[in-house]
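S.K.: Quick one: this structure, given as structure tokens, is what I'll be asking you about.
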Amino acid sequence: MGLDLDFTQFFPSIPYIIDGIWVTLSIVAVAALLGLSLGIILSLLKIGNIKILRWLADAYTSIFRGTPLVLQLMIVYYGLPQMLGVDIPAYMAAVIAFGLNSSAYVSEIIRAGIQAVDKGQKEAAEALGISYKPMMKDIILPQAMKNILPALMNEWITLTKESAIVTVIGVMDIMRRAYVVGGEKFAFFEPLIIAGVIYYLMVMVLTLLGKALERRMKRSD
């Protein structure tokens with residue numbers, strides 16, 4: 001069999017595939033916000049003084065980092081409805097699974113960032129009579145977030161790439177649309193390459209934005 005590729009037949013379908021960008025970005029954006037919010041809570045539990053909460057936060061992180069994301073997605077989409085008796089839309093299942101998974105990684109990033117903040121900051125706050133919550137919110141967390149921004153950007157870039165697995169539950173993202181187009185033409189290589197180019201360009205844009213933000217924060221030091 002010879003190599004017989006024809007990208008031109010897929011040119012009319014490119015706008016349809018590109019429309020999947022907004023589905024992908026919306027899933028990633030909502031999941032990233034969920035992951036960041038829950039990740040902050042988990043990181044505070046991990047460095048807290050309540051042993052059982054530390055153990056639960058560590059167990060949560062271990063489970064979500066130690067199992068495949070696609071498995072977590074399928075449990076949310078197929079397993080939870082079986083247990084709860086309520087259907088979960090594919091889009092919502094993707095947001096939940098990605099958010100919960102991302103929070104496990106984000107919690108470790110934030111924990112490391114908090115522990116990297118000079119201990120003198122905490123001691124000075126305590127000497128001034130500042131209680132734990134406002135100290136973390138106004139002094140420690142802002143410094144930690146500034147230091148860990150590159151790592152957070154890398155996590156969100158990874159999340160953008162991994163979002164392609166939502167195709168297994170039928171979400172009409174970039175990958176799913178490329179598969180649909182390929183099925184109509186009985187040729188999958190070309191639309192999948194087109195999808196790959198779109199993902200690559202998205203990741204490059206996010207990478208450049210992350211570097212620009214990092215440079216700006218360095219200038220503000």
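The values are calculated or read from the model by the stated rules, or taken from the named source; none is laboratory data. None of the values given here were measured: they were computed from a predicted structure. Quick reminder, even Gly has a Cβ in these numbers, built from the backbone with ideal geometry, and neighbours come from all protein chains shown.
S.K.: Taking the range 171-188 only, how many residues are touching a Leu at 6+ places or on another chain (Cβ under 7 Å) and under 17 Å from THR160 (Cα atoms)?
M.R.: Final tally of qualifying residues: 1.
S.K.: Of all residues in the range 42-55 being in contact with a helix residue (DSSP H, G or I) (Cβ under 9 Å, 6 or more places away or on another chain) and without any contact (Cβ under 8 Å) to a residue 40 or more places away in the chain, which is surrounded by the most Cβ atoms within 10 Å (Cβ to Cβ)?
M.R.: So the first thing to find is which residues in the range 42-55 are in contact with a helix residue (DSSP H, G or I) (Cβ under 9 Å, 6 or more places away or on another chain), and the list is 42-48, 53-54.
Imposing the further condition that a residue be without any contact (Cβ under 8 Å) to a residue 40 or more places away in the chain reduces the set to 45, 48, 53-54.
Working: LEU45: 19, GLY48: 12, LEU53: 14, ARG54: 14.
Per the criteria, the residue is LEU45.
S.K.: Going residue by residue through the range 115-126, is there one that turns out to be assigned to a helix (DSSP H, G or I), among the charged types (D, E, K, R), surrounded by 12 or more Cβ atoms within 10 Å (Cβ to Cβ) and at pLDDT 95 or above? Can you show your working first?
M.R.: So the first thing to find is which residues in the range 115-126 are assigned to a helix (DSSP H, G or I), and the list is 115-116, 119-126.
When the remaining residues are screened for being among the charged types (D, E, K, R), the result is 119, 122-123, 126.
Filter once more, so that each one left must be surrounded by 12 or more Cβ atoms within 10 Å (Cβ to Cβ): 122, 126.
Among the residues that remain, those that are also at pLDDT 95 or above are: none.
Looking through the range 115-126, none of the residues is assigned to a helix (DSSP H, G or I), among the charged types (D, E, K, R), surrounded by 12 or more Cβ atoms within 10 Å (Cβ to Cβ) and at pLDDT 95 or above.
To keep it simple, each residue is scored yes or no on (1) in a helix (DSSP H, G or I); (2) under 22 Å from ARG176 (Cβ atoms); (3) of a type in the set (S, T, N, Q).
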position: ALA32; (1), (2), (3): yes, yes, no
position: SER43; (1), (2), (3): yes, no, yes
position: ILE63; (1), (2), (3): yes, no, no
position: GLN72; (1), (2), (3): yes, yes, yes
position: LEU80; (1), (2), (3): yes, yes, no
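Here's the yes/no breakdown for (1) under 14 Å from ILE96 (Cβ atoms); (2) of a type in the set (A, V, I, L, M):
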residue	(1), (2)
ALA32	yes, yes
ILE40	no, yes
LYS51	no, no
THR67	no, no
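S.K.: For the range 15-33, name all the residues that are surrounded by fewer than 18 Cβ atoms within 10 Å (Cβ to Cβ) and among the hydrophobic types (A, V, I, L, M, F, W, C).
M.R.: At the first step, the residues of the range 15-33 found to be surrounded by fewer than 18 Cβ atoms within 10 Å (Cβ to Cβ) are 15-16, 18-19, 21-22, 25-26, 29-30, 33.
Hits for the range 15-33 are ILE18, ILE21, TRP22, LEU25, ALA29, VAL30, LEU33.
S.K.: So which of LEU192, LEU159 ends up being surrounded by fewer than 18 Cβ atoms within 10 Å (Cβ to Cβ), in a helix (DSSP H, G or I) and aliphatic (A, V, I, L, M)? Steps first, answer last, please.
M.R.: Values: LEU159 fails: surrounded by fewer than 18 Cβ atoms within 10 Å (Cβ to Cβ).
Every option except LEU192 fails the conditions.
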